[in-house]
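Data first, discussion second: the structure below is written as structure tokens.
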Amino acid sequence: MAKHQFEKVFTVEEANALIPRMEILVRELQIQADALRVRIRELALRHDSSIAAMPLADLIERYPELKENAARMAEMAGQVEGLGCFLKDIDLGLVDFPYEIEDDVVFLCWQSGEPQIIAWHSIDSGLSARRPLPGVNKPYLN
């Protein structure tokens with residue numbers, strides 16, 4: 001029995017079926033994150049450069065105009081997680097899908113721009129430890 005428990009464990013086919021939706025969600029998250037960073041930089045230039053290092057919750061409390069971007073990001077991240085996936089990195093566009101292999105649960109690892117799932121890694125590792133799924137050539141991995 002797998003030592004890790006997840007609400008949803010995917011097959012490769014199920015994960016691949018979600019790729020078009022993930023592309024849209026991740027791209028919108030990247031757009032919103034970029035917009036939020038620009039607004040924070042602008043505020044730092046106009047007011048106080050130290051605000052760039054403040055936690056986001058403190059920034060939003062101090063500058064409510066940031067709330068819309070942050071709320072949109074939280075909504076989209078919630079959609080990813082609501083599908084049973086794990087958003088690992090917005091900028092790199094990384095999403096993991098729990099997957100059972102050899103009586104253990106690992107993560108199918110997808111990066112924005114990949115047309116399908118091509119790799120997996122253990123739950124305790126990440127992008128640098130990706131291993132190809134059977135039938136996928138290694139040169140396509142990061």
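All of the numbers you see were taken from the coordinates with simple rules; none came from a lab. Keep in mind that what you see is a predicted model, and the values were worked out from it rather than measured. When we count neighbours, we look across all protein chains shown, and the Cβ atoms used for this are built from the backbone with ideal geometry, even at glycine.
Given 60, 117, 51, 40, which one is in contact (Cβ under 8 Å) with a residue 60 or more places away in the chain and of a type in the set (Val, Ile, Thr)?
117
Any idea which of (1) under 26 Å from residue 115 (Cα atoms); (2) surrounded by fewer than 17 Cβ atoms within 10 Å (Cβ to Cβ); (3) over 13 Å from the mean Cα position of the chain (by Cα) is the one residue 74 doesn't satisfy?
Checking residue 74 against (1) under 26 Å from residue 115 (Cα atoms); (2) surrounded by fewer than 17 Cβ atoms within 10 Å (Cβ to Cβ); (3) over 13 Å from the mean Cα position of the chain (by Cα), the one that fails is (3).
Tell me, please, whether a residue that is more than 29 Å from residue 9 (Cβ to Cβ), free of Cβ contacts under 8 Å to residues at least 12 places away in the same chain and more than 17 Å from the chain's Cα centre (by Cα) can be found in the stretch 80-102.
No: the stretch 80-102 contains no residue that is more than 29 Å from residue 9 (Cβ to Cβ), free of Cβ contacts under 8 Å to residues at least 12 places away in the same chain and more than 17 Å from the chain's Cα centre (by Cα).
Confirm whether residue 42 is surrounded by fewer than 16 Cβ atoms within 10 Å (Cβ to Cβ) and within 23 Å of residue 129 (Cβ to Cβ). Outline the logic, then answer.
Working: surrounded by fewer than 16 Cβ atoms within 10 Å (Cβ to Cβ): yes; within 23 Å of residue 129 (Cβ to Cβ): no.
Taking the combined requirement at face value, the residue does not satisfy it.
Mind listing whichever residues of the stretch 9-50 are over 16 Å from residue 95 (Cβ atoms) and among the basic types (Lys, Arg)?
37, 39, 41, 46, listed by residue number.
Say we look at the stretch 12-39 and pick out the residues that are of a type in the set (D, E, K, R) and in contact with a Leu (Cβ under 9 Å, 6 or more places away or on another chain); which of these is surrounded by the most Cβ atoms within 10 Å (Cβ to Cβ)?
39
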